[in-house]
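A.B. asks: Pasting a structure below so you can have a look.
Each value in this text was obtained by applying a stated rule to the coordinates, not by laboratory testing. These numbers come from a predicted model, not from an experiment. Here Cβ is always computed from backbone atoms with ideal geometry, including for glycine, and neighbour counts include all displayed protein chains.
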Amino acid sequence: MLKTVAIVGRPNVGKSALFNRLAGMNISIVHDLAGVTRDRITAECRRGPQVFQIMDTGGIGANTEDVLTEQVQVEASIALEVADMLLFVVDIFEGITAIDQSLAAILRRTKKPVVLVCNKADSDKRRLGSADFAKLGFSEMAEVSAVHGLGINYLVDIIAERLELTKQDDETEAAVKEAKFAARPLKLAIVGRPNAGKSSLVNAILGQERAIVSEVAGTTRDSLDINCTYNGKRYQLIDTAGIRRQSKLDNDVEVFSVQRSYQAIKRADICILVIDCAEGAKMQDRKIAQLILEERKPCILVMNKFDLYHPSAKQKDRLEELSEKMRREFFFLSYAPLIATSAKNKENIGKLFVQIEAVRNGSQTRIGTGILNRMMHQAIEDTPGPLGRSPLAFKLLYVTQVNEAGDSNVPVPHFVFFANRAAKMTEGYLRFLESVIRKEWPAPGVPFRMSVRGKEVKKRS
């Protein structure tokens with residue numbers, strides 16, 4: 001199990017910038033606005049002799065008007081409990097504050113190793129100010145500039161020494177990588193518009209308050225990667241910021257948050273689109289669904305807050321009405337399973353995972369080439385294309401299936417049609433052939449890619 005290093009400190013001292021520098025990529029949002037990081041965010045650091053886990057936290061001791069401050073403190077406190085080591089980040093430029101002193105008093109009482117990280121030490125003049133922080137009472141100190149990458153290697157050396165991280169030989173490292181790849185968790189991006197209940201769904205799955213939940217829209221700002229196990233299978237939940245209309249974005253932080261949500265869709269194996277069925281599907285819900293479709297990502301539609309949807313009616317009638325309505329709204333995702341849940345009441349979470357596994361398993365199977373070709377030739381014979389049986393109509397020669405796996409655990413099938421006069425194969429007719437394939441091989445939640453290739457016309461000499 002990887003060692004965990006938590007990055008703690010008051011707001012706006014550069015914790016997220018340090019986190020991103022150690023992670024080697026921009027994961028946490030970095031902004032001058034105090035209190036941007038609210039949840040615990042984790043990633044792997046590969047800069048040392050051995051991989052370790054780093055954890056970014058919400059600013060401790062924030063004295064802002066943000067109603068979420070108390071929950072942020074709870075999140076940071078949990079990080080202090082689970083970490084093997086703590087990086088206490090302070091701001092050389094601003095000097096010691098009352099919050100720094102209070103937090104130092106708390107950290108001195110812990111039995112875990114603490115390194116005082118004097119951030120923003122990007123000049124000789126500023127580095128002189130680090131001596132003042134010795135009065136906080138920590139024996140180990142590192143001067144860094146997270147933004148410019150100064151002093152990071154020295155900090156990593158301290159972490160490796162205190163956590164006794166030793167370099168693995170090549171064979172051991174290769175074996176670890178191979179085992180990790182083989183057991184790679186399924187990545188589930190939980191997406192939707194603000195306040196649809198995405199973080200509540202994550203907490204219901206985990207059985208604990210892992211993601212901050214609030215009635216204030218936009219509570220989640222970063223995309224959180226959370227590893228979990230359900231029914232003995234490993235998953236990585238990606239809790240994302242609510243995707244709002246561009247015209248509704250109030251500041252740079254919200255813009256960055258939405259961009260992270262888009263990236264979460266791209267790197268997910270399956271997208272879980274959460275919709276507030278009590279409010280009904282909105283235009284923004286359909287736009288998010290369209291994004292998922294454009295990225296050709298497997299999808300499951302989760303109709304959340306079902307407990308508020310016509311609660312006085314019979315459940316069977318409610319389900320039938322909701323399914324009919326949502327199928328109309330998301331007709332372009334007709335293949336996506338639809339689950340009615342109440343994340344708040346932890347209802348139907350098991351059914352959601354049944355569908356997740358159905359999507360995964362369905363994507364792994366293939367239609368036999370012979371069966372596929374007979375099926376397509378018969379469909380074209382029974383229902384000819386736009387030009388009917390005209391000599392000018394396209395003629396199917398052969399069709400094959402290619403699974404475009406890439407780095408995904410859920411490969412998207414690519415059906416390639418080879419034909420004479422391929423240009424005569426219209427998009428609408430391809431959709432018809434797709435529906436024929438789906439009747440034989442439902443593949444719930446999995447999009448199909450359909451393409452046509454034709455013989456090039458020989459040029460006359």
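A.B. asks: Can you pull out the trypsin sites (Lys or Arg not before Pro) in the range 79-140 that DSSP calls coil and that have at most 12 other Cβ atoms within 10 Å? Walk me through the numbers on the way to the answer.
C.D. replies: Values: sites: R108, R109, K111, K120, K125, R126, R127, K135; in loops: R109, K111, K120.
Sparse-neighbourhood loop trypsin sites (Lys or Arg not before Pro): R109, K111.
A.B. asks: Counting DSSP beta bridges in the range 369-454, what percent are antiparallel, to the nearest 5? Numbers along the way, then the final one.
C.D. replies: Details: 9 of 15 bridges.
Around 60 percent antiparallel, to the nearest 5.
A.B. asks: May I pose another question? Going by amide H atoms built from the backbone, whose H comes under 5 Å of the H on L397, apart from near neighbours?
C.D. replies: F418, A419, N420
A.B. asks: List the pairs from K266/K395; K120/K167; K305/K325 whose alpha-carbon separation is above 25 Å, in the order I gave them. Don't skip to the answer; put the middle values down first.
C.D. replies: Details: K266/K395 36 Å; K120/K167 30 Å; K305/K325 15 Å.
K266/K395; K120/K167, as the Cα separations exceed 25 Å there.
A.B. asks: Taking H as built 1.01 Å from N, whose amide H comes closer than 5 Å to the amide H of A340, not counting residues under 5 places away?
C.D. replies: Long-range HN contacts for A340: M303.
A.B. asks: Right, here's the next one. Which semi-axes, in whole Å and largest first, does the equivalent ellipsoid of the range 369-454 have when worked out from the alpha carbon gyration tensor as the square roots of 5 times its eigenvalues?
C.D. replies: Working: eigenvalues 112, 36, 24 Å².
The equivalent ellipsoid of the range 369-454 has semi-axes of 24, 13, 11 Å.
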